[in-house]
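Structure first, commentary second.
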Amino acid sequence: LSKFYNLKFYDSDREIELRTRKSINKIFKEEGEPYFRDIEEKICIKLLANKNCVISLGGGSIINKRIRNSIRENSYSIYLQVKIENLLNRLRSSNKRPLLNKKMDKKEILQNLYNNRRKFYEKADFIVNNDNDKSQVLEKIKFKLNSYAKENKHK
């Protein structure tokens with residue numbers, strides 16, 4: 001999306017790793033989740049102040065009220081909705097998700113995380129199913145953004 005529109009791209013987790021010089025897993029392991037969430041808030045608020053860019057936020061950032069307010073005030077939000085089964089398959093070999101590295105059923109963890117976050121995800125400006133072909137998803141997003149731009153051009 002950022003390449004298509006020739007916009008700067010930011011990934012909040014990557015920005016956290018650059019700033020702390022530690023992986024997300026290492027931050028969780030050494031400092032704990034509350035410390036991570038504090039850093040995440042500061043970085044996400046700063047990123048969301050940028051204009052004309054695409055930002056990928058970590059899935060848990062939405063639980064933070066200040067981040068949600070900043071999204072609402074400064075951004076057009078897109079929720080990439082994925083079925084739990086597909087998400088589980090995509091993350092099966094990943095070890096970069098500290099909340100999934102526990103010795104518990106990953107499907108149950110994902111379902112619980114989703115249940116806790118769903119009410120926030122569903123308030124996005126646009127919700128698009130991201131279970132299938134990413135080029136189709138990109139086309140849907142571009143169409144929606146173009147419609148949004150036309151609507152807001154007249155305001």
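The eigenvalues of the Cα gyration tensor, multiplied by 5 and square-rooted, give the chain an equivalent ellipsoid with semi-axes of 27, 20, 14 Å from largest to smallest. In this simple spin-label model, placing a label point 7 Å from the Cα along the Cα-to-Cβ direction at both N69 and K140 gives a separation of 3.2 nm.
Centre-to-centre, using Cα atoms only, segment 1-39 and segment 103-127 are separated by 19 Å. With the simple model of a label 7 Å out from the Cα in the direction of the Cβ, D131 to N115 spans 2.0 nm.
When peptides 38-46, 71-79 are ranked by their average number of other Cβ atoms within 10 Å per residue, the highest-first order is 38-46, 71-79.
The calculated 222 nm mean residue ellipticity attributable to helices in the chain amounts to -18000 deg cm²/dmol, summing -39500 (n - 2.57) over DSSP H runs of n ≥ 4 and dividing by all residues. Counting only protein heavy atoms and a probe of 1.4 Å, the accessible surface of the chain is 48% carbon and sulfur. The mean accessible area for residues of segment 1-93, using a 1.4 Å probe and ignoring ligands and nucleic acids, is 64 Å² per residue. Amide hydrogen proximity for S56: with H placed 1.01 Å from N in the peptide plane, the residues at 5 or more positions away or on another chain lying under 5 Å are Y10, D11, S12.
Taking GluC sites (Glu not before Pro) across segment 121-155, the ones in a DSSP loop with at most 10 further Cβ atoms lying within 10 angstrom of their Cβ are E122. Size descriptors for segment 1-43, from the alpha-carbon set: Rg then Dmax equal 12.6, 39 Å. Among 110-117, 3-10, the peptide with the highest mean count of other Cβ atoms within 10 Å heads the list, and the full ranking is 110-117, 3-10. What residues from segment 51-93 fall in the zone where the backbone N is under 18 Å from a label point 7 Å along the Cα-to-C-beta line of K123? Correct set: 57-81. Computing FRET efficiency as 1/(1 + (r/R0)^6) for N52 and N89, where r is the C-beta to C-beta distance and R0 is 35 Å, gives about 0.55.
The values are calculated or read from the model by the stated rules, or taken from the named source; none is laboratory data. The shown structure was predicted, so the numbers you read here are calculated from the model rather than taken from an experiment. Neighbour counts are summed over all protein chains in view; Cβ atoms, including those assigned to glycine, are modelled from backbone coordinates with ideal geometry. What goes into the accessible areas is simple: the full protein's heavy atoms, side chains included, and nothing from ligands, DNA or RNA. Shrake-Rupley method; radii C 1.70, N 1.55, O 1.52, S 1.80 Å.
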